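Trainee: The structure is given below, and queries will be raised subsequently.
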Amino acid sequence: MNLRRDVFQAIADPTRRSILMLVAAQSMTAGAIASNFDTARPTVSKHLQILTECELLRSEQNGREITYHLNPHKMKEIADFIEPFRQMWDEKFNKLESVMKAYHDLKNE
């Protein structure tokens, strides 16, 4: 049974989020990525496999080395999903700021 990985499950893991941050800065090999963590290389390889399966990372084989690249299209899908929630919270915080400012102004009269 081949289950498709969910991007939100993938980014729920802090190590995978760290890997995404590393690869967002520059494409890296598995060894270069693994050198940033105090875990066994097979553990990092499993994280890379999950990120690749859910298409957050793309892998490119050059001879014996595999280089991982961020997939900006998949990252945009995540951002697009989160955007309405960000807007909702921005509105709530703006209203709270208005109430706090009005209270402050009343208090200082």
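Trainee: Does region 62-109 hold any residues that are open to solvent by 90 Å² or more (accessible area, probe 1.4 Å) and among the aromatic types (Phe, Trp, Tyr), and which are they?
Mentor: 81, 85, 89, 93, 103
Trainee: Can you tell me how many residues within region 12-35 are in contact with a Leu (Cβ under 7 Å, 6 or more places away or on another chain) and either open to solvent by 80 Å² or more (accessible area, probe 1.4 Å) or in a helix (DSSP H, G or I) (or both)?
Mentor: The total comes to 7.
Trainee: Okay, moving on. Of the conditions (1) outside any helix (DSSP H, G or I); (2) exposed (fewer than 10 other Cβ atoms within 10 Å of the Cβ), residue 39 fails just one. Which one is it?
Mentor: Going through the list (1) outside any helix (DSSP H, G or I); (2) exposed (fewer than 10 other Cβ atoms within 10 Å of the Cβ), residue 39 breaks only (2).
Trainee: Can you find, within region 1-11, the residue that is modelled with the highest pLDDT among those that are part of a loop (DSSP other than H, G, I, E, B) and open to solvent by 80 Å² or more (accessible area, probe 1.4 Å)? So that I can check it myself, show each step before the final result.
Mentor: As a first pass, look at region 1-11 and keep what is part of a loop (DSSP other than H, G, I, E, B): 1-6.
In the following step, the residues that additionally are open to solvent by 80 Å² or more (accessible area, probe 1.4 Å) were identified as 1-5.
Values: 1: 41, 2: 46, 3: 53, 4: 61, 5: 74.
Among residues in region 1-11 that are part of a loop (DSSP other than H, G, I, E, B) and open to solvent by 80 Å² or more (accessible area, probe 1.4 Å), the one modelled with the highest pLDDT is 5.
The values are calculated or read from the model by the stated rules, or taken from the named source; none is laboratory data. Predicted model, so just to flag it, every value in this text is computed and none were measured. All Cβ positions, even for glycine, are placed from backbone atoms using ideal geometry, and neighbour counts span all protein chains on display. We work out accessible area using only protein heavy atoms, side chains counted, and drop any ligands, DNA or RNA first. Shrake-Rupley method; radii C 1.70, N 1.55, O 1.52, S 1.80 Å.
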